[in-house]
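Trainee: The structure's right below; bear with me while I get my questions together.
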């Protein structure tokens, strides 16, 4: 299986990786619906909304500050690093549902953050937006204009950033191989990306320890974690 996929990568002019929470979990970042700690008693689906933010901005910000602190100490794992290394040999673009910035820290340069970035904050009123790595002394943080700042992430019910989404569609529609890593792609519209790739005649590859709803649509599947499978695939590619 690895040999077949490595051959496909060699033949490809453009390779697109679509990544989700599974690859970041291997860096020690809890998944969105973490079962441990303070947030167990809250429904993450209800915290990650604009309504929840305006109802209790301090609570929502406390949740995001904990997530930010976890992300800041996390390091890219072997899966992230393998994707970045492949970019030295091929045109590689990463369409990620993750908000942690680990692909960029691993060295990938063509990264499209479909759901925004937890490292960036933006104003709820004016056009202010900036990357802030330090923790905030007071929550919720306030913009210079006097209005609240919020994480620059896509909450439930909000559209994806249109410039990023259009760029992602273009990459998916023009790739020769699409590798779907650590995501079941149940969230719309990201689950359309393999469809765009297939319309271009691309080979679809899935890397996931578990079977997903998208597995039946894949040409090739590796039942393993990203941190194990992708370095092995890279090693065979480099032979």
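The values are calculated or read from the model by the stated rules, or taken from the named source; none is laboratory data. This one's a predicted model, so the numbers in the text were calculated from it and none came from an experiment. Ideal geometry is used to build each Cβ from the backbone, glycine not excepted, and the neighbour counts take in all protein chains shown.
Trainee: Please determine whether any residue of region 228-236 is out of contact with any helix residue (DSSP H, G or I) (no Cβ under 7 Å at 6 or more places or on another chain), surrounded by 17 or more Cβ atoms within 10 Å (Cβ to Cβ) and over 21 Å from residue 22 (Cα atoms).
Mentor: no
Trainee: So for region 105-117 (the condition being assigned to a loop (DSSP other than H, G, I, E, B), free of Cβ contacts under 8 Å to residues at least 12 places away in the same chain and at negative phi), does at least one residue qualify?
Mentor: Among the residues of region 105-117, not one is assigned to a loop (DSSP other than H, G, I, E, B), free of Cβ contacts under 8 Å to residues at least 12 places away in the same chain and at negative phi, which makes the answer no.
Trainee: Related question: Say whether the condition of being under 15 Å from the mean Cα position of the chain (by Cα) and surrounded by fewer than 20 Cβ atoms within 10 Å (Cβ to Cβ) is met by at least one residue in region 142-150.
Mentor: Checked against the condition, which is being under 15 Å from the mean Cα position of the chain (by Cα) and surrounded by fewer than 20 Cβ atoms within 10 Å (Cβ to Cβ), region 142-150 yields no hits at all.
Trainee: Looking for whichever is under 29 Å from residue 51 (Cα atoms) and surrounded by 15 or more Cβ atoms within 10 Å (Cβ to Cβ) here; the options are 81, 192, 139, 86. Which one fits?
Mentor: 139
Trainee: Right, next: What are the residues in region 38-51 that are at pLDDT below 90 and either outside any loop (DSSP other than H, G, I, E, B) or closer than 13 Å to residue 70 by Cα (or both), if any?
Mentor: The answer is 38, 39, 40, 41, 44, 45, 46, 47.
Trainee: Can you pull out the strands (runs of 3 or more DSSP E) entirely within region 128-224 that have at least 1 residues that are not assigned by TED's automatic domain parsing to the domain that holds residue 111?
Mentor: Those strands (runs of 3 or more DSSP E) span 129-131, 149-153.
Trainee: Give region 45-78 a look and list any residue that's loosely packed, with under 15 Cβ neighbours inside 10 Å and within 18 Å of the chain's Cα centre (by Cα), or say none.
Mentor: Residues satisfying the conditions are 45, 69, 72, 73, 75.
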